[in-house]
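For reference, the structure discussed in these notes is given below.
The values are calculated or read from the model by the stated rules, or taken from the named source; none is laboratory data. Everything numeric here is computed off the predicted structure, so don't read it as measured data. Heads up, the Cβs are rebuilt from the backbone with ideal geometry, glycines too, and the neighbour counts pull from every protein chain shown. The protein model used for the area step is the full one, side chains on, heavy atoms only, and it has no ligands, DNA or RNA in it. Shrake-Rupley method; radii C 1.70, N 1.55, O 1.52, S 1.80 Å.
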Amino acid sequence: MTNDLIRRLEALERRMNAERPSGTLPPGGPLRVTIIHGGLPPGDPLFATAGAHEWLREPGEDLDAFADRARAAALELKEPLLVIGGLPATQAQQDVAMAAYDAWLLTDDGVPPCEPSR
């Protein structure tokens, strides 16, 4: 994962957690948005979950647009935590992840991507 993508994800997470005006937070505290990166296939997260709800990224949907859509839905549902990315937990998430992984394999040159240590 590139440093640029890590910076974009961290900035997106900060923006999404800071935008909620005081007094309009769901019961139990603010919505916390966590973005998980570094999974397979490499690249932007493909799905989000909040409680028992899930959102899948549409083909060609920008990460910011997807995150905003999932965040708005999680706020409407009064969920306290939105997780964007991570390991697939449902069949729908698995299907999206495997399709993206298969597409990524077609571009693989056999050399693992270089990721900086943290």
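Values computed for the structure shown
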read-out	value
Extreme residue, farthest from L46 (Cα to Cα), among residues of the stretch 90-109 that are out of contact with any Asp or Glu (no Cβ under 8 Å at 6 or more places or on another chain) and outside any helix (DSSP H, G or I)	D109
Answer from A48, A99 - the residue that is small (G, A, S) and open to solvent by 50 Å² or more (accessible area, probe 1.4 Å)	A99
In the stretch 65-92, residue nearest to R15 (Cα to Cα) [restricted to those that are at pLDDT 90 or above and open to solvent by 70 Å² or more (accessible area, probe 1.4 Å)]	R69
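Residue-wise test of (1) in a loop (DSSP other than H, G, I, E, B); (2) basic (K, R); (3) closer than 13 Å to L63 by Cα; (4) at pLDDT 70 or above.
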| position | (1), (2), (3), (4) |
| --- | --- |
| R8 | no, yes, yes, yes |
| M16 | no, no, yes, yes |
| P21 | yes, no, no, no |
| P30 | yes, no, no, no |
| V33 | no, no, no, yes |
| G38 | yes, no, no, no |
